[in-house]
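Bear in mind that the values in this text are calculations on the coordinates, not laboratory data. Predicted, not measured: the structure shown is a model, and the values here were computed from it.
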Amino acid sequence: MSEFMQTLENASRLIREDSATNASSRRSEERPRNQHKATIATLAGLDLFMRFVTRNSHDFSLSEEARSFEDFKGNLLSRAALILDKASMARERAAEVGAQFVRDNAVILVQAYSRVIMSVLYHAANVQNKRFKVYVAEGRPNSDGIQAVDALRAAGIPCRAVLDSAVGYIMDKVDMVFVGAEGVVENGGVINQIGTYQIALVANALSKPVYAVAESYKFVRVYPLNQYDLPSETPDIVSFASRRKSFSTSGPTGVDEIAASNPSVDYTPPQYLTLLLTDLGVLTPSGVSDELIKLYL
């Protein structure tokens with residue numbers, strides 16, 4: 001294996017090892033760390049790029065152009081630039097596909113701030129000239145939804161922020177739900193900012209369609225069985241102290257401490273998603289595995 005390939009492989013291994021570290025190994029620290037939600041997307045992109053490097057290296061080594069290391073390096077860089085161009089266009093394409101599902105005069109609920117969801121709403125409003133209103137879930141603990149509200153208002157789109165705990169209250173007023181994804185897993189479920197799962201549950205109970213919008217480079221070869229089977233740290237919130245005395249003397253109390261001890265992402269199973277809207281087109285959750293096979297073969 002070349003030095004370049006070895007470096008990428010080592011980086012992939014280190015990220016996976018860090019993501020899979022159990023929360024028990026971190027209890028010696030003064031306070032638990034809250035994993036950044038983009039870790040899942042990073043793993044997906046890294047896996048896809050490693051597959052590209054492997055395939056490209058093999059194919060180029062068999063061609064007549066492979067005369068020296070510099071030839072290989074130039075080919076790899078040019079192909080990598082092509083991948084970056086395609087990735088930058090993926091969000092725009094996904095937005096075009098997603099905007100087709102925005103109905104005129106609809107009331108839409110979105111989860112916090114997602115760049116691809118913002119692109120969907122911008123495209124529907126400014127390109128397709130549709131009129132609609134948007135509820136934005138606050139997105140605790142970072143309150144990313146406030147950023148989304150500011151951006152939508154600047155674009156002239158009517159919107160209001162709602163508390164995460166008020167999602168059930170306003171769901172009857174909603175026509176459809178749009179959520180982003182940090183990762184789309186093999187069974188068609190999505191890993192996204194914490195709170196997405198409960199929104200999907202409430203929407204499903206009230207027969208509201210839930211559309212997940214994601215770029216294809218976020219498709220990740222992970223098959224979680226439940227919320228605690230994700231390639232990320234399991235927070236201390238799922239465990240309790242064994243002694244009665246410790247309940248009164250330990251545990252997070254402030255906002256920052258509570259945020260640090262809670263998860264940053266959750267997993268929404270495929271049965272709660274209506275469709276996946278991607279740059280590859282409209283997919284049912286069951287169609288994700290087929291697309292993953294195409295991407296990695």
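At-a-glance table
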| quantity | calculated |
| --- | --- |
| Convex hull of segment 147-231 built on C-alpha atoms - directionally averaged projected area, nm² | 6.7 nm² |
| Across 86/173; 130/208; 86/130; 73/218; 86/208, pairs whose alpha-carbon gap is larger than 31 Å | 86/173; 86/208 |
